[in-house]
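Take a look at the structure below.
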């Protein structure tokens, strides 16, 4: 950093839009999974209130060589919003308006600081909704979801957040404002800059507006729980349900260990066995779809199959939402070496689960698993004692082995949480050295001074890369 950011911010922003106060800087030094040792304070926090503000700040920051890290709800788990190089933490939470709803076009325009739940609340009167919200949709912002191309339990039917973005307004590092995409249903015009920015984690531009497409709320909704004797069987059944063409809106798995943890955390009474949670959406014929699903499941001898009205199953989804916190609370003397969110082709899902269980036995450490089985995504944590050097090293090795195995199976190191700083080490393994080199070329083209969110997504360059 060549210039103290507060020195030039005073010339371009009102006093109430930036702060160097210790409590503000500390509050912007971490995300949900960042440990105190990993926290990094920015030099200053900025709260833009308009696209013009963002443009002015980025242009000045680039001129003075000051890093800028976008920040919002801090619900990420890969350090995506941690200002690893100091500089400016650009807090987008004041840009939190629903700008326009066009129900006839099934579209909504929002600013990036809007929470996902607020979007659906605004749409309720029109009978519409934004389907791809992640599990954390009530506490995460749309801008953060776009930055990581987030997904949730309904991805198996509706796809990821990026699939529902039509057009963006975004500010480049030099302050230029671009509007990639279109409000039309399709386009073959020019390079697809919209999709380039989706999932780029604020390393290429800062999103200031998004046009999202919407869907009608389904008239029929059902949910249910299926209990199995083993998680391997549950994974195989989930894979078969998807491959057989059952029209599920959500298909989640949790293992017996996760069920124990969430019962302890919530005082619940879930069966402490591997389980699949299902949700179905339709406008007609939903009972036939449930019968189809039961037929597929019958080949795996489930211990119980319960389908019913969605409202009667609300406690199941409440338990699923709490799993990340519950598993951590279940091991007070251990920490997660890292939060895994790998994904593989659906046919390889049972194989991946088998491998995780084998690794747990081999390293002698608990590795609870849960996740979006409908799209081949498994969340896992390897819990180890951070004060036991040998045990911690075994945990880290097990975590990295799972990620490498997922990549080997044709999958990905991160299905929905993004790369941040935590998964940069896997980028060459997944994309190849030439693929990463191409990404660096794109980064240099849009952010030649490396101002936007440095230390994220791309691994540190080797001297032979350029």
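The values are calculated or read from the model by the stated rules, or taken from the named source; none is laboratory data. This structure is a prediction, so every number in the text was calculated from the model and none was measured. Cβ coordinates were reconstructed from backbone atoms using ideal geometry, including for glycine residues, and neighbour counts include every protein chain displayed.
Does residue 84 meet the test of being in contact (Cβ under 8 Å) with a residue 12 or more places away in the chain and either assigned to a helix (DSSP H, G or I) or farther than 25 Å from residue 336 by Cα (or both)?
Values: in contact (Cβ under 8 Å) with a residue 12 or more places away in the chain: yes; either assigned to a helix (DSSP H, G or I) or farther than 25 Å from residue 336 by Cα (or both): no.
No: the conditions fail for residue 84.
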Exercise. Which one is farthest from residue 176 (Cα to Cα), of the residues in region 51-70 that are assigned to a helix (DSSP H, G or I) and touching a strand residue (DSSP E or B) at 6+ places or on another chain (Cβ under 7 Å)?
Worked result: 61
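Need at least 1 residues that are farther than 22 Å from residue 279 by Cβ and touching a strand residue (DSSP E or B) at 6+ places or on another chain (Cβ under 6 Å) per element, so show me which helices (runs of 4 or more DSSP H) inside region 92-189 make the cut, counting only ones lying wholly within it.
116-123, 142-148
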Exercise. Within the bounds of region 352-375, is there any residue that is closer than 20 Å to residue 416 by Cα, surrounded by fewer than 21 Cβ atoms within 10 Å (Cβ to Cβ) and touching a residue at least 40 places away in the same chain (Cβ under 8 Å)?
Worked result: no
Problem set entry | Filter pass, residue 210 being under 21 Å from residue 48 (Cα atoms), crowded, with 16+ Cβ neighbours inside 10 Å and modelled with pLDDT of 95 or more | yes
Exercise. Can you name the residue in region 314-349 that is over 20 Å from the mean Cα position of the chain (by Cα) and in a helix (DSSP H, G or I) and is also surrounded by the most Cβ atoms within 10 Å (Cβ to Cβ) among such residues?
Worked result: 316
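Yes/no per residue for (1) farther than 24 Å from residue 156 by Cα; (2) free of Cβ contacts under 8 Å to residues at least 12 places away in the same chain; (3) in contact with a helix residue (DSSP H, G or I) (Cβ under 9 Å, 6 or more places away or on another chain):
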| position | (1), (2), (3) |
| --- | --- |
| 403 | no, no, yes |
| 427 | yes, no, yes |
| 436 | yes, no, yes |
| 440 | yes, no, no |
| 444 | yes, yes, no |
Exercise. How many residues does region 229-265 hold that are in a loop (DSSP other than H, G, I, E, B), under 25 Å from the mean Cα position of the chain (by Cα) and closer than 23 Å to residue 132 by Cβ?
Worked result: 3
Problem set entry | Scan of region 190-225 for residues that are over 22 Å from residue 131 (Cα atoms) and part of a loop (DSSP other than H, G, I, E, B), ordered by number | 190, 191, 192, 202, 203, 204, 205
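Residues checked against (1) part of a strand (DSSP E or B); (2) out of contact with any strand residue (DSSP E or B) (no Cβ under 9 Å at 6 or more places or on another chain); (3) at positive phi:
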position	(1), (2), (3)
351	no, yes, no
355	no, yes, no
362	no, yes, no
365	no, no, no
395	no, no, no
438	no, yes, no
450	no, yes, yes
Exercise. Here are some conditions: (1) farther than 28 Å from residue 329 by Cα; (2) crowded, with 18+ Cβ neighbours inside 10 Å; (3) modelled with pLDDT under 90. Residue 293 meets all but one. Which one does it not meet?
Worked result: (3)
Exercise. Considering only region 252-267, how many residues are touching a helix residue (DSSP H, G or I) at 6+ places or on another chain (Cβ under 6 Å) and free of Cβ contacts under 8 Å to residues at least 60 places away in the same chain?
Worked result: 0
